[in-house]
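All remarks here apply to the structure that follows.
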Amino acid sequence: MADAGRYRYSPLTDGARQRMAVIAGLSPDVAFFELLRRIERSPSQGIRLRDISHGSYGNLHIVQPADMSFAPGEVQAVEQKIHAISGQQQVIIVCRHFGLFAPYGPLPIHMTEHARHQRLLKRNTAFEHFISLLTQRLAVLHYRAWSNLHVALGYENPVGNAFMGRLQKINGFADLDSRFSDYQRVRNSVPAAFLPGRGNLKNLQQILVSYFSIPLTIIPRYPSWIEDPDNRHLQVLGRMGATRLGKRFFDCQHTVKLRIGPLAYPDYLDFQAGGRRLGALLAICRDFVSHQLLFNVELLMTTTPDLSAKLGRWHLGKSGWLKTNFSIYSQPIALTQN
């Protein structure tokens, strides 16, 4: 601990200590990376360790003294001072565990002894300062790599959120577009579900139930008639096995049924044909299957006696019924396009 006494305020700068903006929370008791995080978050210092092109961390000095004694913690001392020549505020961190000098670093012990011998007997600190320069570069690079994939640190910097940028690269979206906000939000919350080979309908059902907070069941391989009026070249003058009769064909491989509900009034109004929530649900489904499947929607509505139609107050078939009781009504939703 005796080496920490070399990093003190100069008598020429003691008067400037009253004028500088001291960063609160800098203590040797804090972990090394947490100390760098607090320095970076300080608005008065302006140090941006995660920005490669930003040169402001020149005012940060990370020093590892050549010392063979036992270090009880990662950080030995933290000093804040005003540079005597430039007048800029500087932060000096004396660390022991992170660095190149032995016994905690990868260098041989005799190199640590050599640097300590040069400093104590010959008053030559050139080699020690050179190793500290390399230590600072490695510390900044290590902190930058660690913070770029840290969830909490990413949200502290929303402009350059590296963690969210990596998730957006995984799920295929670079920027949030208001036209596709629903399934972009879903992709950002569960990006692993959209990786190749993981797009099964069971995951899709869990995503829809969680996102819309509704009971929903997906029935795969639902048999249905598929309209195909445009491909007329497959309907005339064809060959056996390649000719189709009529404008539609019966198939059970390319249609998925979405059974929504049962929902009570007025929740089921959001999933009527043309509704915004129904459109968002179908957009998420089509994006999940890469537009390779068709969707058939069935809406289950819970009816009660108080929904009996009253003149001028109810919309027949949606919010009001001629005669109703406690039951569940199944309504197929007609989709204009799929």
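Residues in the range 214-221 include none that are modelled with pLDDT under 85 and outside any strand (DSSP E or B). Evaluation of Gln235 against the conditions (1) modelled with pLDDT of 65 or more; (2) of a type outside the set (Gly, Ala, Ser); (3) surrounded by 14 or more Cβ atoms within 10 Å (Cβ to Cβ) shows that the sole unmet condition is (1).
Residue pairs, Cβ under 7 Å, 6 or more apart or interchain, first in the range 277-303 and in the same structural domain as Pro266 (by TED's automatic domain parsing), second of a type in the set (A, V, I, L, M) and in a helix (DSSP H, G or I). List them. Once the first residue is in the same structural domain as Pro266 (by TED's automatic domain parsing) and sits in the range 277-303, its partners that are of a type in the set (A, V, I, L, M) and in a helix (DSSP H, G or I) give Leu281/Leu208; Ile284/Val186; Ile284/Leu208; Cys285/Leu204; Phe288/Leu204; Phe295/Leu282. Which residues, counting only those in the range 108-126, are touching a residue at least 12 places away in the same chain (Cβ under 8 Å) and surrounded by fewer than 16 Cβ atoms within 10 Å (Cβ to Cβ)? Of everything in the range 108-126, those that are touching a residue at least 12 places away in the same chain (Cβ under 8 Å) and surrounded by fewer than 16 Cβ atoms within 10 Å (Cβ to Cβ) turn out to be Ile109, Glu113, His114.
Consider the range 127-145 and keep the residues that are surrounded by 13 or more Cβ atoms within 10 Å (Cβ to Cβ) and of a type in the set (D, E, K, R). The one that is farthest from Ala66 (Cα to Cα) is Arg144. Suppose the filter is at pLDDT 85 or above and over 30 Å from Ile109 (Cα atoms); does Arg38 pass it? So Arg38 passes the test.
The values are calculated or read from the model by the stated rules, or taken from the named source; none is laboratory data. What you see is a predicted model, and the numbers here were worked out from it, not measured in a lab. Counting neighbours? That spans all protein chains shown, and the Cβs are built from the backbone with ideal geometry, glycine included.
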